[in-house]
Every structure is written in C-alpha cells, then in structure tokens.
1. Mind checking which aspartates and glutamates have their C-alpha under 13 Å from Lys106, skipping anything on the same chain fewer than 8 residues away?
2. At a Förster radius of 60 Å, what calculated FRET efficiency corresponds to the Cβ-Cβ distance of Glu383 and Gln246, to the nearest 0.05?
3. Per-residue HN-Hα couplings for the stretch 411-419, Karplus 6.51 cos²θ - 1.76 cosθ + 1.60 at θ = phi - 60°, whole Hz, x for Gly and Pro?
4. Let me spell out the model: positive unit charges on the Cβ of Lys and Arg, negative unit charges on the Cβ of Asp and Glu, origin at the Cα centre of the chain. What dipole size does that give, in debye rounded to 20?
5. Quick one: Cα centre-to-centre distance for the stretch 367-395 and the stretch 232-270, in angstrom?
6. Quickly rank 470-483, 367-380, 243-256 as a protection proxy: mean count of other C-beta atoms within 10 Å, highest first.
7. Explain nothing, just the number: dipole magnitude of the stretch 226-308 about its Cα centre with +1 on each Lys and Arg Cβ and -1 on each Asp and Glu Cβ, in debye rounded to the nearest 20.
8. Note down the nm distance, to one decimal, between modelled labels 7 Å out along Cα→Cβ at Glu166 and at Ser277.
Amino acid sequence: MGSGVMIGIDLGTTNCCVAVLQGGSPTIINSRQGQRTMPSVVAFADNGDELVGVTAQRQAVTNPNRTIYGVKRLIGRKFKEPSMQSWNKSVAYDLCAAANGDAWVKTRDGEFSPQEISAILLREIKDVAEDYLGEPVSSAVITVPAYFNDGQRQATKDAGKIAGLEVKHIVNEPTAAALGYGIDKDREQTIAIFDLGGGTFDVTIMRSADGVFEVLATHGDTFLGGDDFDHALMEYLLDEFENDFQHDLRDDPVALQRLKDACETAKKELSSTPTTSINLPFICTGPSGPMHLRHDMLERELLEDLCSELLDRLDEPCHQALDDAGLTADEVDQVLLVGGMSRMPGVQLKVEEIFGKISSRDVNPDEIVAIGAATQCAIMTGELQDVILLDVTPHSLGVRVKGGRMSRLIAKNTTVPTSEKKLFATTSDDQDFVEITVYQGESEMVDDNTLLGRFILGDIPKRKAGEINVEVTFLIDADGVVSVTAKETLTGKQASVKISPSGGLTATQIDEASGRGPRRAAVG
Ligand code: AMP
C-alpha cells in the first residue's frame, strides 16, 4: 500500500461521509446513489451478497435479523456490559460474545466482529472513491469520537486494514469539524464543537490562531446519540400500543424495525414542523386479525418531554470540558454544531442555555467532519502547509499500584503525541518480576477505570523490597494509541508493548478478515 490517493472518512454511527481535497478545496464524494452521505448499514441478502448503504437500509424491514446498523456502538465493548445488553434488546439483529468477551454481531451468515462490519462500509467507500477519482485509493484519515478510548481507536484502525486501507491518522471528530470550519478563517478564536451524532456525544473546546488548531479540552458520552432519542419515542409508542391493544410488539423484529424507522423519520420531521403523525398499518396480526399502529398529532413538545433526560445528559460533559479548558462559557466565541441530531430544536436550545449564545449556522453538520478529515489528509501529504493540529488525549492513563489505586502518568487533555516516565520500586523481598497493568480513566481506583492491558517484566535481580527500580514510560502517538515500556534501572533490562487492548482482534484475525474480501458465497 504505497502510492494512491488519501481520502478523509467520517465513519459515523448512522451515516458515513467521504471527502477528498481537489484543487485545494475539499470535495464530498457522492455515494453510488448520488447522495452526499451513505447510511452506515450492512445487510446479508438471501443470494449471499453483501448490501451496503441505502441498498441495505431499504430492505431492512423485510430482512431485519440480517441488517446491521449502529455497529460503531459495539466497537471496543464487552458483550456483558449493560449498554450492550440493552442494545441487544432494542435491535432486530443479535449480538453475541466473542471468545475474548467482545460484543460481536451474530446472524445466520456467521459471527462478525464490529471491525469486520465497519470494514464492509469502508470497502464500499474505498470502491466508490476509486470510481470517482479514477485512481487507486490506498490510505485514509478516519475520524472517531474524541472520547473513544485506546481500544476503540485501534479497532477503527483494524477495520481500515481489513478494508485494504492504510489508516494514516485517526482524528477526533470535533477536531476535524473545527479544522473543516476554521481553515479559511484567520481570526484568533475559541470554538466549542458540540457533536451529537447517531450514537455518541462529544464536546471539544479549541483555540485557533495563525493556522494552529489547539484542542484545549474534550469530554463526552460514547453512549448517547440519536438512536436513544428514537428509542425513547419507540418505548412510548410500544407502551401506548400495549395499553390500547394488550399486545406487546417487543418480540416482533419486523414490527420493531418498522417502528424504529418511523420514529426516526418522525423525530427528524419534528425538527422542522411542530406536529407529525405515525401510521403503520398491519403492524402485526392479533387474535382478531390485523392490527395497526397509529398516532395522530405527535407533537414536538411530546418528543422533547420523552427525551428530557437525554437532553439533560448533554449538560455535564459541556461544563466539564469548559472547566478542563479553564474557560467560562462567555469566553467561547463560536459554537459549532456537528452531527445530525444537532438539528433538533430542543438540542439547539440546550446548547444556547449552556453556552449563552446561538450556534454557528453556516456549517453542514453532516459533512463538516469529512471535510476536516480531507483537510487533515492535505496537511499530511504536505499539500496544505502552515496548518498545525494539536490534539489531546481524552482520558488519563496510569498503572495499578498497591491497594488497587491508579498511579497517573498522563493526565487527560494532555496534547498528543506525548510521553511520560515514572519510577516504581519493588514491593517485596526477592521479587523477580513486576507486572505492569495499564488503565485509562479518571478514578483514583483502577477498578472504576478501563483496563487497557498488562505485561510482565521478568528476570529482574532479586533484592530487598524497594531496592530495585522500574522505570515505566508511556507514549501516546498522534492517533491517541498507547505504548508502554518498563525498564529495570540496574541492569537496563526492558520490556515494551504496544498496548493491545483487553479486547479487539488479533493480527491473525485481521489478516484472515482482510483476505476474505466481500462475501459472495451462497448462504443457507
Ligand atoms: P450522524 O451520526 O451525525 O450522521 O447523526 C445521525 C443522527 O442524526 C441520527 O440519529 C438521525 O436520526 C439524526 N438526525 C438527522 N437529521 C435530523 C434532523 N433533521 N432532526 C433530528 N435528528 C436528525
């Protein structure tokens, strides 16, 4: 994978968008259907074909168990996490536990890691871009929610690899948005990027001046997005239907899929009109024949009431990000809204409440992240000069020490790339190895944080407790990916690992998946 064009990809929970820099300005590449974004949906058809994007979305109602959406929510998650259990209940396809406990997708076609499903989307994007450009595409900048942890970033890189793309850089979505927005604005300014997509919420505070884009702080919630708003409305209508007809639709995947689509459409409509209606004839068959789900006069106010808890969850990450940046809301010059959900008037009102100002309206929230990713490609190839991007790590990093406490080496919101060292002494006599356990998170106690990985530095000289020192070095690269080295200072013996997350795919699994290519085999 050497020469070839580099593309910028916004690999969204709900939609993907791809852009490339042409003649100095970023251009969105249309999907095969001529749309500027592509639904992040993959399906397996009866003839064994993989369907991607609009084609997959269109047949979702008739093929609900083999139509997979929202897979970005699964990346880096364990099957037994409560969030995965509730996701499993609310989608028509099945989740399962991989051998290492990761949440995977299960259909009658097989079991798939979220990386493989994401790779199907990326492969389609690569193909479409190649058709458009008339030359090979070999590499990409892919954006991820700023709040993605190390494992989720590595998984995204692995998805790229499976799709035959060298992922040159992982950029945080809000950072990309600011880059896409601010590139031709040379005024010094502080920008808050409020990014509410289909599955995740991020808020980032940035300063831009003289071509330097510096992230000051970032915060978010990787499990709060548009799907939750759809589900809030769905739950209301499911309860209403059950009360009216004593019939629970929750075990009927086809009905659930139809209702989900209808709720999402209604939610979107309520962003521009005060009322709408939902009408799903023949939603199921009851003891006395076909039943219909109907709700006339669905009001925007009702949706906002149903979603009030979700809207309230937007407060804390914004205040935390401002605090971490050492700023008050007054000191923010511009608020950029990113992500489709930011079109909801209730969300915009919330943003105004928090930041005390109206958000910038001259941005297309669906495209700005991909535009920023393409801009980053141009910075990396040298096509665009005098622009520097300084991003931060969203989580603190440390190692486990006595009493299950976390000794922090790198604090959250430190500019990356970065590296820090700390000395640790042995704690028992004649100890001949040390185990380094690496965690990411803000709690003093490691059990409340995320385990990134562990490794052992063995054969160290046996001495009295405290006489042997081990120097631990953490390195976070510009993609936010972590490596750790431990060195025994007396003999200089060292061990180092690129942290492979406690989940994720092995190199062999990635190779196997890349070799598989699009599936065209017949399925039973
Ligand atoms: P993204 O991941 O940024 O593509 O965001 C997709 C989410 O935005 C989905 O949950 C969509 O339902 C939601 N969305 C898109 N357009 C609108 C709209 N006009 N009003 C409310 N939500 C919207």
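We did not get these values from a lab; they are worked out from the coordinates using the rules stated. Since the model is a prediction, treat every value here as computed from it, not as a measurement. FYI the Cβ positions are ideal-geometry reconstructions off the backbone, even for glycines, and counts take in every protein chain you see.
1. Straight-distance partners of Lys106: Asp94, Glu116.
2. Values: r = 64 Å, r/R0 = 1.07.
Result of the calculation: an efficiency of 0.40.
3. 7, 4, 6, 7, 5, 9, x, 8, 8
4. On the way: 50 positive and 80 negative charges, 307 e Å.
Rounded to the nearest 20 debye, it is 1480 debye.
5. Taking the Cα centre of each part, the stretch 367-395 and the stretch 232-270 sit 41 Å apart.
6. On the way: 470-483: 19.6, 367-380: 26.7, 243-256: 15.4.
Final packing ranking: 367-380, 470-483, 243-256.
7. Working: 7 positive and 19 negative charges, 72 e Å.
Charge dipole, the stretch 226-308, about its Cα centre: 340 debye, nearest 20.
8. In this crude label model, Glu166 to Ser277 measures out at 5.8 nm.
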